[in-house]
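The values are calculated or read from the model by the stated rules, or taken from the named source; none is laboratory data. Everything quoted here is computed from the prediction, not taken from an experiment. Glycine gets a Cβ as well: all are built from the backbone with ideal geometry, and neighbour counts include every protein chain shown. Areas reflect the complete protein model, heavy atoms only, side chains present, ligands, DNA and RNA absent. Shrake-Rupley method; radii C 1.70, N 1.55, O 1.52, S 1.80 Å.
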Amino acid sequence: MPVPQRIDYRLLSPYVRFVHEIVIAPGARNADRHIYDYEFIFVVRGEGRLRIGDRVHAMKGGDLFYIRPHLINAMEISEAQPMDCFAVHFDYMYLGEGHEFSPYAVYMGQGVEEGAGRLHERPAIEPSELDIPEAIAVGDVKGFYETFKELNECFSRAGVGARLRLNSAMLRLLGLVYEELMTREGVRIGHPHADMVLEAIQYMEAHYADRIDAQLLAGRAGFTPKYFGTLFKQATGTTVSAYLLRLRMDRAKQLLAQRKLSIEEVGARVGIGDLYYFSKLFKKTEGMSPSRYASSIGWPAE
């Protein structure tokens with residue numbers, strides 16, 4: 001599998017290629033599959049085993065499975081009962097016509113896919129904030145079931161409206177996955193140093209207007225700055241400096257929306273006293289200057 005390119009979650013615009021609900025007969029064993037996009041499988045009922053590469057996962061109702069591109073996988077269903085499951089094939093963004101393919105031809109053998117050899121060269125693109133494991137025993141089973149059901153219904157319809165609803169449902173599914181894996185603060189649930197990272201984040205939330213760096217936070221936690229930075233990135237998917245910047249920019253947007261302070265005062269309130277530097281950082285992260293942002297969210301006078 002090629003090393004995936006990581007993109008900011010704000011750039012996500014999922015392209016759903018294929019969705020179906022399928023009931024698989026008891027004792028069924030499918031041949032090895034080679035997929036070229038991303039796939040979620042959600043088990044409604046039934047039991048079995050899913051092999052992804054050299055890893056084998058037990059399957060049961062309420063389980064979600066995530067298969068990345070270019071990985072050989074195969075499924076084996078228990079003899080006791082059939083398996084009812086949903087599957088959705090997608091990319092995190094549309095990769096362009098040159099990387100498009102027919103799932104019916106490639107995955108279901110219905111017709112011939114022109115240029116099938118290029119499928120092995122398809123790039124892998126994933127959100128930097130979300131490292132999804134191959135198997136998740138979800139907590140919000142009802143939420144996942146309803147979202148997969150909506151995905152399936154939207155996929156069966158034609159038209160731009162149905163396609164927009166399909167993309168909306170896919171984003172909602174990714175949101176459900178994120179909530180299963182991460183805390184409100186963006187710390188991976190179950191990470192061995194989650195409490196330490198959460199304490200550091202709470203400190204940043206309370207003191208974002210002060211001078212803060214990895215050395216200060218590492219000293220509070222009793223680690224070296226390098227080791228602390230490694231643990232923080234493992235738990236959050238981002239660096240200390242990037243996390244702090246996001247906190248400051250979010251607070252700056254709140255202050256700008258109030259339209260009571262000057263741009264320079266807003267920068268100072270969030271710990272960036274230099275007006276030029278604050279404006280530069282704000283434009284880099286938000287795509288527009290602070291003054292333009294403030295103007296863009298103002299309501300018309302009544």
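With r defined as the distance between the Cβ atoms of residue 58 and residue 220 and R0 fixed at 45 Å, what FRET efficiency is calculated, to the nearest 0.05?
On the way: r = 41 Å, r/R0 = 0.92.
Approximately 0.65, to the nearest 0.05.
PRE reach from residue 178 (point 7 Å along Cα→Cβ): which of the stretch 6-24 fall under 19 Å by backbone N?
6-16
When ligands, DNA and RNA are left out and all protein chains stay put, how many square angstrom of accessible area per residue does the stretch 95-190 have with a 1.4 Å probe? Please list the in-between numbers first.
Details: 5030 Å² over 96 residues.
Spelled out: the 1.4 Å probe surface of the stretch 95-190, per residue, equals 52 Å².
Kirkwood-based Rg over Rh for the stretch 227-302 (C-alpha set), two decimals? Intermediate results must be reported in sequence, preceding the final value.
Working: Rg = 14.4 Å, Rh = 13.3 Å.
Taking Rg over the Kirkwood Rh, I get 1.08.
Taking the structure as given and computing Rg and Dmax of the Cα atoms in Å, which label from (1) 19.6, 63; (2) 18.6, 58; (3) 22.9, 69 fits?
The value computed from this structure is option (3).
Using only Cα atoms, find the angle between the long axis of helix 225-236 and the longest principal axis of the chain, and express it within 0 to 90 degrees, rounded to the nearest 10.
With both axes taken from Cα atoms, the answer is about 50 degrees.
For residue 295 paired with residue 199, estimate the spin-label separation in nm (one decimal), with each label point 7 Å from Cα along the Cα-to-Cβ line.
The modelled label-to-label distance comes out at 4.7 nm.
Let's test the formula: R0 of 45 Å, r as the Cβ-Cβ distance of residue 134 and residue 260. What FRET efficiency results, to the nearest 0.05? Display every interim value, and only then the final one.
Details: r = 49 Å, r/R0 = 1.09.
It comes to 0.35.
Hey, if you drop one equal point scatterer on each alpha-carbon of the stretch 22-171 and run the Debye formula without solvent, what base-10 log of I(q)/I(0) do you get at q = 0.15, 0.19, 0.21 Å⁻¹?
Computed log10 I(q)/I(0) values: -0.88, -1.42, -1.62.
How much length is gained on full extension from residue 283 to residue 162, taking 0.36 nm per residue of separation minus their Cα-Cα distance?
Contour length minus the Cα-Cα distance gives 40.1 nm.
Would you mind getting the accessible area per residue of the stretch 227-302, heavy atoms of the protein chains only, 1.4 Å probe, in Å²?
Details: 4620 Å² over 76 residues.
Here the residues of the stretch 227-302 average 61 Å² of exposed surface.
Taking Cα centroids, how far is the stretch 35-71 from the stretch 155-225 in Å?
When both Cα centres are located, 24 Å separates them.
How far is helix 240-258 tilted, in degrees, relative to the longest principal axis of the Cα atoms in the chain, given as a value from 0 to 90 rounded to the nearest 10?
Compared with the principal axis, the helix lies near 70 degrees.
How big is the convex hull of the Cα atoms of the stretch 81-163, per residue, in Å³?
Here the figure is 185 Å³ per residue.
Heavy-atom accessible area per residue, the stretch 1-61, 1.4 Å probe: how many Å²?
Values: 3340 Å² over 61 residues.
Result: 55 Å² of accessible area for each residue.
At a 1.4 Å probe radius, carbon and sulfur cover how many percent of the accessible area of the chain?
After summing per-atom areas, the C and S share lands at 53 percent.
Which length gain, in nm to one decimal place, applies between residue 276 and residue 239 when the Cα-Cα distance is subtracted from 0.36 nm times their residue separation?
My answer for the length gained is 11.0 nm.
Measure nothing fancy, just the Cα-based angle from helix 141-155's long axis to the longest principal axis of the chain, in degrees from 0 to 90, nearest 10.
Helix 141-155 and the main axis of the chain meet at about 70 degrees.
Sorted by average packing, counted as other Cβ atoms within 10 angstrom per residue and highest first, what order do 119-130, 261-272 take?
Working: 119-130: 16.2, 261-272: 18.1.
Peptide ranking by packing, descending: 261-272, 119-130.
Once both labels are modelled 7 Å past Cα along the beta-carbon direction, what's the residue 99-residue 66 spacing in nm?
About 1.8 nm separates the two model spin labels.
Suppose each label sits 7 Å from its Cα in the direction of the beta carbon; what would the residue 153-residue 10 distance come out to in nanometres?
Label-label distance for residue 153 and residue 10, simple model: 3.3 nm.
Answer with one residue from 187, 82, 245: the one whose Cα lies farthest towards the positive end of the charge dipole of the chain, charges on Cβ with Lys, Arg +1 and Asp, Glu -1.
Going by the charge dipole, the pick is 245.
Please compute the alpha carbon radius of gyration of the stretch 1-65, then divide it by the globular-protein estimate 2.2 N^0.38 Å. Two decimals is fine.
Working: Rg = 14.5 Å, N = 65, 2.2 N^0.38 = 10.7 Å.
That works out to 1.35 for the stretch 1-65.
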